[in-house]
Amino acid sequence: MITLGALNDVNGIRHAFFTRSGGVSTGIYASLNCGLGSGDAPAAVAENRARAAARLDRPADSLVTCYQVHSPDCIVVDAPWAPGAGPRADAMVTRTPGIVLGVLSADCAPVLLADEKAGVVGAAHAGWKGAIGGVLEATVERMVELGARRTAIVAAIGPCIAQRSYEVGPEFPAPFLEIAARNRDFFAPARRPGHFLFDLGGYAAQRLADAGVELVQRCPNDTVAEEDRFFSYRRACLRGETDYGRGLSAILIQE
């Protein structure tokens, strides 16, 4: 489990970026796979989610996750729902104490946000599609609607695919450069001619800053390279594996 100082210093807020260790799943899902949409045994996933919630001193039924679809959609959560019954969305916010907002990832950037004084937290799943589509700005907007102040929000970007591991094709930079020429700073030449290395975490941090979030901290880990600690969709694809585990990142307001 990893925590970051940006959120550790916020009173009344608990958060965690869980690694893949500490669960009961086996094989390619070993061991703390929390993805309901994976091909893992449902009983194992349920136990893993319960263990993660317990690390935050909460019961399993307080943890909510969405059906993530790489969208810019963010919802307000007032009460938990049953596992697997989550709406199609990629971010959540709440001001209700005790609800654990969880996002699942395996290379995409999990982003946790909080405004201590307003008592508002948020969690977002930001792959490149969600990030370029505005999921982080939507999360900030929903938090503001619940009473948060932009300049009081702190954000932490959890473990995700690092730039050195994220090779993209020649067509990939175009939509980013159409938005702003400065986005070329998030691309570095790859070894293959015409290919690039994309800095997903850096891009997410810039989008948060543009949304008015003044304190953004990034986790330095690389989910692709650190196999013993993190699940990775790209690593699974490179190996020809048919599925992969999903890591959990979570945040809550303490009761």
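The values are calculated or read from the model by the stated rules, or taken from the named source; none is laboratory data. All of these numbers come straight from a predicted model, not from anything done at the bench. Note: ideal-geometry Cβ built from the backbone for every residue, glycine included; neighbour counts use all protein chains shown.
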>> Can you pull out every residue in region 73-121 that is within 13 Å of the chain's Cα centre (by Cα) and in a loop (DSSP other than H, G, I, E, B)?
In response: A89, D90, A106, D107, C108
> Counting only residues that are touching a strand residue (DSSP E or B) at 6+ places or on another chain (Cβ under 7 Å) and not hydrophobic (A, V, I, L, M, F, W, C), which one in region 154-179 is surrounded by the most Cβ atoms within 10 Å (Cβ to Cβ)?
Replying inline: G158
> Just for region 55-94: of the residues that are basic (K, R) and either surrounded by fewer than 19 Cβ atoms within 10 Å (Cβ to Cβ) or at pLDDT below 95 (or both), which one is farthest from K129 (Cα to Cα)?
Replying inline: R55
>> So in region 1-54, with the set limited to residues that are small (G, A, S) and touching a helix residue (DSSP H, G or I) at 6+ places or on another chain (Cβ under 6 Å), which one is surrounded by the most Cβ atoms within 10 Å (Cβ to Cβ)?
In response: G23
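This table checks each residue for (1) assigned to a helix (DSSP H, G or I); (2) polar (S, T, N, Q).
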site: A6; (1), (2): yes, no
site: N11; (1), (2): no, yes
site: R14; (1), (2): no, no
site: T19; (1), (2): no, yes
site: G22; (1), (2): no, no
site: C34; (1), (2): no, no
site: R49; (1), (2): yes, no
site: A53; (1), (2): yes, no
>> Only one of A138, A124, A131 is modelled with pLDDT of 95 or more, touching a helix residue (DSSP H, G or I) at 6+ places or on another chain (Cβ under 7 Å) and in a helix (DSSP H, G or I). Can you tell me which?
In response: A131
> Does at least one position in region 180-203 carry a residue that is within 30 Å of G12 (Cα to Cα), out of contact with any Cys (no Cβ under 7 Å at 6 or more places or on another chain) and surrounded by 12 or more Cβ atoms within 10 Å (Cβ to Cβ)?
Replying inline: yes
> Which residues, counting only those in region 131-153, are surrounded by 24 or more Cβ atoms within 10 Å (Cβ to Cβ) and in contact (Cβ under 8 Å) with a residue 40 or more places away in the chain?
Replying inline: A131, V135, L136, T139, V140, M143, I153
>> Go through region 164-201 and report how many residues are assigned to a strand (DSSP E or B) and touching a residue at least 40 places away in the same chain (Cβ under 8 Å).
In response: 1
> Quick one: how many residues across region 208-225 are in contact with a Gly (Cβ under 8 Å, 6 or more places away or on another chain) and either loosely packed, with under 13 Cβ neighbours inside 10 Å or within 20 Å of G134 (Cβ to Cβ) (or both)?
Replying inline: 1
> What is the residue count in region 96-107 for residues that are at negative phi and out of contact with any Asp or Glu (no Cβ under 9 Å at 6 or more places or on another chain)?
Replying inline: 6
> Is it true that some residue in region 120-130 is loosely packed, with under 14 Cβ neighbours inside 10 Å and within 22 Å of Q206 (Cα to Cα)?
Replying inline: no
> Any residue at all in region 227-235 that is surrounded by 12 or more Cβ atoms within 10 Å (Cβ to Cβ), touching a helix residue (DSSP H, G or I) at 6+ places or on another chain (Cβ under 6 Å), touching a residue at least 24 places away in the same chain (Cβ under 8 Å) and hydrophobic (A, V, I, L, M, F, W, C)?
Replying inline: no
